[in-house]
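In what follows, a single structure is set out as structure tokens and then discussed.
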Amino acid sequence: MKKYYQLSGEETLQDINGQTEPLSDSQVKEHQEKYGPNELVEGKKKTTLQIFLEQYKDFLVIILIIAAIVSGFLGDIESTAVILIVITMNAVLGTVQTVKAEQSLASLKKLSGPEAKVLRDGNVIQIPSAEVTVGDRVMLDAGDYIPADGRLLESASLKVDESALTGESLGVDKTIEPIQGEVPLGDRTNMVYSGSFVTYGRASFVVTDIGMQTEVGKIASLLKTTSEKRTPLQINLDQFGQKLSILILVFCGILFGISVFRGDNIGDAFLFAVALAVAAIPEALSSIVTIVLSFGTQKMAKEHAIIRKLQAVEGLGSVSIICSDKTGTLTQNKMTVEDYYVDETCVAADEINTQNLSHSRLLLASILCNDSTNIDGVEIGDPTETALINLGTRLGVCPEDVREKYPRESENPFDSDRKLMSTKHTMEGKPTMLVKGAVDVLMGRMEQIQIGAEIRPITEEDKKKIEEQNQAFSRSGLRVLGFAYKIVSDELELSLEDEYGLTFLGLVAMMDPPREESKAAVAECKSAGIRPIMITGDHKVTAAAIAKRIGILEQESEACEGAEIDSLSDEELKDFVEGISVYARVSPEHKIRIVRAWQDKGNIVSMTGDGVNDAPALKQADIGVAMGITGSEVSKDAAAMVLTDDNFATIVKAVENGRNLYRNIKSAIQFLLSGNFGAILAVLYASIAALPVPFAPVHLLFINLLTDSLPAIALGLEPHTKDVMKEKPRPLNESILTKEFLLKVGIEGLSIGVTTMIAFMIGYNQGGNALLASTMAFATLCCARLFHGFNCKSDKPVVFTKAVGNNIYLIGAFVLGIALITSVVMIPGLHSIFKVQTLTMTQLFTVYGLAALNIPIVQILKAVRAALFK
Ligand code: ATP
């Protein structure tokens, strides 16, 4: 049987679909059912049971299991049972958290999944790549990922990067001619393969294979599935946790030694040492980060920012420079043509006359040299181009009719480096090349000018007039495109060399108003210590006019053209960037240099991009941001964050979320560490003062594994506030565990420890009874930590403000915790299991009172700290 690359396009269509027309909707459904979804089957996902069992792999849990077995041998069956129950409940909690976090990450992945353009029932529509099926006709533009394997049907200068398959990083030129004989994959120039992407040109192809049947699917099992990388914060916390664990284990070892030396029961001493280790080691640190980040990303997705790399959330809080595109990000990308400049006169859009020769020629050129469509109000394509065809419709000229009358014979697609596009048509019997693009680029290529019916050589004076008009349009913030043409030879397939020696036709000026929210977002950036910078392919004067309106630029001198930085060395650029807020006419290479220069100056840089060539700059930036609506698939793949509304204000909102999430993680860590420290201090004091051990092992396990996790998670979900945007960006390499932070943890832990020991002493003195004393110490420690949750909500005093009740989860965790501990000490049936005795009402309220005392103490400390450091 012949291979598809040996057949013609038509033969391939016949072979696959039995017809050459595109598939109808019902045929598509049949094929989808027959061939399944266009997906690579990922490595097996873990089942919930596996996740549950993994909770037992934890080092501390293993120690606890050993402890349970030891106490079983020692005849303390109750302790064995309690430890096992507590471990199981902890594992259930861990499983629920892990599954939830995974679900939220998976749904994020779905949101930012790749898309493809297909021809269905005569219309081009955008669908998720997974829905592409065999026989579908897929349309490709520069920057698109190829969603499936297929045989090319049309190709306009198509170049494809197939490095993922062949290792060859140079773009491969594609054609549609059949190939004779057997050739290797890299030489099948009329085929395209899933996993590669379009670097230049346009094309359409018919899908021959999908999913695991594609070339990349066949090697998919060889590709390692990339596991989620740990974020810098998690790594930092893991390292801290490890060091702390060693310290605590040594401490517990010594305590165990002392007890044995004193002649205590070895089994009891061992159990206690283990329980203390479990209580003191903050094993939940890094999983709290995962949970908070994954819930945070859900919130961000709802606010139009999809996080593709979890690390980005942390980075967002540190962003100090936001480099943003202009068109569509700071502006609305809803372009409308405002003016024509033809026959040396300026014509407002509503005065354009289709009977006028020059007017209609410019209109025809702008419809023909144009890839966009607007079918029943559904616009597909670049808004610059849709503005041009919409003008035609407004003037009663149907773009489809024009395109049918003068079909496109050849083309040089637009690219943002060259800033030009040209197409070839037969007009008035002559093979004509129409060119449109940036005025400054066209100027140097013009040899003639057409005014009315007259064509004459273009003079310096003509050029000056055009340039002046271009400046005047640009100063009003209008985007200007120049149009020109050239009569070419009949057989000519256009190439880039043909775009010289042109005849000037006219200018088209269009308005793209700034987004309403841009101005406020820019102001917010500035108050948050973040510098907004505009980087655009547009004209300098247009860019500066828009930048001024939204507050990015104050002085004209803050705008420059990309070419100006070409002559600067990297060192010089570092000084230069400081004075520039608007870069115009930039190429993707300029973007990379600007990012690097700011990074070298110690900044965390966010950079937006949409084109295929922007991918390297997006990767270079700390937070690469792609446009969900107008961005190419390649740019989305390279980005850490995708904006589903293409809006600058969304980046600023994401920074705010990043800062809030970081603050919440810090609060949760503060809560865990200070509570654990309080417990250690209490034990240490009792040991030094030769008092009985204040807690039974089961107490410590109860607190650490049950009543502690929920408030910590709740703190991670603390409502976000605006005040984080009044602070300066946090240095990225700043550890969460600064001296100041640890000091705070130490002092708060001391407060918890002291109130716990006071309760212990009250109990001890009341009955000389170690059981009453330890019951009171246990209940106080547990309640004190629950109260302390409210202290950790903010660095500022919030407890006496309305904000105290704004976190429903924290209140829920508090109420549940208090209910649990109260039941344990008040329900006699639970006493022997939990090694407690019933408290009188006075004793119970003494416990509550002492625990609640941690609130005023810590609040006063906060006020003192605020007064000292202000
Ligand atoms: P930004 O970088 O802010 O998105 P931009 O859209 O102007 O701005 P590019 O798309 O790189 O950036 O366009 C660069 C220049 O090329 C434009 O200023 C315009 O002069 C010209 N241009 C843009 N789109 C087209 C097009 N479809 N055909 C021909 N020329 C175009």
Inset, instruction - Please find the FRET efficiency linking Phe576 to Met212, where r is the Cβ-Cβ separation and R0 is fixed at 45 Å, and quote it to the nearest 0.05. - result: 0.30
Inset, instruction - Would you please give the residues with an amide H less than 5 Å from that of Leu153, counting only those at least 5 places away or on a separate chain, with H modeled from the backbone geometry? - result: Ser204, Phe205, Val206
Legend entry - For the range 595-739: Kirkwood Rh in Å [reciprocal of mean 1/r, alpha carbons]: 18.8 Å
Legend entry - Two-decimal log10 I(q)/I(0) for the chain, as the Debye equation yields it once each C-alpha is a single scatterer, q = 0.05 Å⁻¹: -0.40
Inset, instruction - Go through 447-458, 675-686, 614-625 and give me the packing order, highest mean Cβ count within 10 Å leading. - result: 614-625, 675-686, 447-458
Legend entry - About the Cα centre, charge dipole magnitude for the chain (Lys/Arg +1, Asp/Glu -1 at Cβ), debye: 4720 debye
Inset, instruction - Could you work out how far the C-alpha centroid of the range 498-567 sits from that of the range 303-371, in angstrom? - result: 12 Å
Legend entry - the chain, relative contact order in percent, only Cα pairs under 8 angstrom and at least six apart counted: 12 percent
Inset, instruction - List, largest first, the extents of the alpha carbons of the range 395-552 along their principal axes, each in whole Å. - result: 61, 37, 34
Legend entry - Pairwise label distance in nanometres, Thr48 with Glu404, each label 7 Å out on the Cα-Cβ vector: 5.8 nm
Legend entry - Contact order normalised by residue count of the range 142-190, Cα under 8 Å, 6+ apart, percent: 31 percent
Inset, instruction - Calculate, in nm to one decimal, what Ile85 and Ser360 gain on full extension: separation in residues at 0.36 nm each, minus their alpha carbon distance. - result: 90.7 nm
Inset, instruction - Give me the percent of DSSP beta bridges within the chain that run antiparallel, rounded to the nearest 5. - result: 75 percent
Inset, instruction - Scan the chain and note any complete DSSP helix (H) whose C-alpha atoms cover at least 24 Å along its axis and whose Kyte-Doolittle average is 0.5 or more. - result: 77-111, 232-262, 285-302, 648-688, 739-767, 770-791, 808-826
Legend entry - Potential extension, Ala520-Ser735 segment - 0.36 nm per residue separation minus Cα distance: 74.2 nm
Legend entry - Kirkwood-based shape ratio for the range 245-393, expressed as Rg/Rh from alpha carbons: 1.52
Legend entry - Ile266 versus Leu74: modelled label distance in nm, points set 7 Å from Cα along the beta carbon direction: 1.1 nm
Inset, instruction - Please report, in debye to the nearest 20, how large the charge dipole of the range 470-510 is about its Cα centre when each Lys and Arg carries +1 at its beta carbon and each Asp and Glu carries -1 there. - result: 580 debye
Legend entry - Gap separating the Cα centres of the range 574-589 and the range 113-161, nearest whole Å: 36 Å
Inset, instruction - Run the quick spin-label model on Ala863 and Glu554: label points 7 Å from Cα toward the beta carbon, then report their separation in nm to one decimal. - result: 3.9 nm
Legend entry - Estimated FRET transfer efficiency (Val92, Asn769; beta-carbon r; R0 35 Å; 0.05): 0.50
Inset, instruction - May I ask you to derive the FRET efficiency for Gln242 and Leu691 from their Cβ-Cβ distance with R0 = 35 Å, giving the value to the nearest 0.05? - result: 0.65
Legend entry - Relative contact order (percent, whole number), the range 599-698, Cα cutoff 8 Å, 6+ residue spacing: 16 percent
Legend entry - 18 Å Cα-Cα threshold exceeded, pairs from Lys3/Lys34; Lys117/Lys326; Lys405/Lys430; Lys526/Lys591: Lys3/Lys34; Lys117/Lys326; Lys526/Lys591
Legend entry - Distant-in-sequence amide H partners of Leu158 (H built 1.01 Å from N, under 5 Å): Lys174, Arg202
Legend entry - Convex hull projection area averaged over all views, the range 1-136, Cα basis, nm²: 13.5 nm²
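Quick note: the coordinates plus some simple rules give every number you see, no bench work behind them. Since the structure is predicted, the reported quantities are computational estimates derived from the model, not experimental observations. Every residue, glycine as well, gets a Cβ built from its backbone with ideal geometry; the counts of neighbours run over all protein chains shown.
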